[in-house]
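As structure tokens, the structure follows; a few thoughts come after it.
No value in this document is a laboratory result; all are computed from the given coordinates. Fair warning: this is a prediction, and the values are worked out from it, not measured in the lab. Reconstructed Cβ throughout: ideal geometry from the backbone, glycine too, with neighbour counts over all protein chains shown.
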Amino acid sequence: MKQFHSTTMLQAISFAARKHAKQLRKDEVTPYIAHPMRVLTILTTAFQIDDPEVLAAAVLHDTIEDTLTDRDELTELFGPRVAEMVAQLSKDKRMGEEEREEQYYRLLAEAPIEVKLCKLADLYDNLVDAAALPPSLRGKTIARAQHLLELFAPDFPPDRRDALERFEERIRAAIASLAS
């Protein structure tokens, strides 16, 4: 794997750290920035992604949805490709929940493989994190995981099929441990 120490990715890490500075994960203890950094790590280790723009998008994936960041700011700072990927990974909170979820999953189904890989890494990290939550808060995470696997599996690129199958095993194991 080639080194991925690009300026874009390093700037994205700093930007995400600033934007998520006062946020905590649902366990109310873990600094939020740990999540995008783990998503980055999952992409580089499980999927061998070394494209700096994809890795930057992974680190920034929650900035539009969970901070005051907008797509224009990301375009200006990181370019249109990164901003587009982050936008595809973001739910439009201006919509009602049902409409928002429907649109989000429809767009994810049509998204390029890089976005789908970011989403799978995000999903896996959320499942691992959910182990620290009370059982009553785990159900939504499990349902999302199952839905995404069903959504992505049919037309996942053949050259990534092995990675998807290995990842599905990890996700299913995480779901099983949460459900027990």
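Gain in length, Lys140 to Ala46, computed as 0.36 nm per residue apart minus the alpha-carbon separation, to one decimal in nm? Could you put the intermediate results ahead of the total?
Details: separation 94, 0.36 × 94 = 33.84 nm, distance 2.41 nm.
Here the answer is 31.4 nm.
Taking Rh as the Kirkwood radius computed over C-alpha pairs, what is the Stokes-Einstein D of segment 105-180 at 20 °C in a medium of viscosity 1.002 mPa s, expressed in µm² per second?
169 µm²/s
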Worksheet entry | Hz values of 3J(HN,Hα) by residue in segment 132-141 - Karplus curve (6.51, -1.76, 1.60), Gly and Pro given as x | 8, 9, x, x, 5, 9, 8, x, 5, 5
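Assign unit charges at the C-beta atoms only (+1 for Lys and Arg, -1 for Asp and Glu), then state the dipole size of segment 7-179 relative to its Cα centre in Debye, rounded to the nearest 20. Provide the component values of the computation, followed by the final result.
On the way: 23 positive and 31 negative charges, 109 e Å.
Dipole about the Cα centre, nearest 20: 520 debye.
Per DSSP H run of n ≥ 4, the term is -39500 (n - 2.57); total these for the chain, divide by its residue number, and report the mean residue ellipticity at 222 nm rounded to 500 deg cm²/dmol.
Numbers: 10 runs with 121 residues, N = 180.
Calculated mean residue ellipticity at 222 nm is -21000 deg cm²/dmol.
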Worksheet item: Residue-wise, which Karplus ³J(HN,Hα) couplings in Hz belong to segment 40-47, taking 6.51 cos²θ - 1.76 cosθ + 1.60, θ = phi - 60°, and x for glycine or proline?
Response: 4, 5, 4, 4, 6, 8, 7, 10
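Based on the Cα coordinates of the chain, what is the per residue volume of their convex hull in Å³? Don't skip to the end; give the middle numbers.
Details: hull volume 20.9 nm³, N = 180.
Convex hull of Cα atoms, per residue: 116 Å³.
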Worksheet, complete the sentence: Taking Cα pairs closer than 8 Å and at least 6 residues apart, the relative contact order of the chain in percent is 19 percent
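So which of Lys22/Lys140; Lys91/Lys116; Lys91/Lys119; Lys26/Lys116; Lys22/Lys116 end up more than 20 Å apart by C-alpha?
Numbers: Lys22/Lys140 24 Å; Lys91/Lys116 14 Å; Lys91/Lys119 12 Å; Lys26/Lys116 23 Å; Lys22/Lys116 28 Å.
Over 20 Å Cα-Cα: Lys22/Lys140; Lys26/Lys116; Lys22/Lys116.
Quick check on packing: order 116-122, 55-61, 37-43 by the mean number of other C-beta atoms within 10 Å, highest mean leading.
Top to bottom by mean Cβ count within 10 Å: 55-61, 116-122, 37-43.
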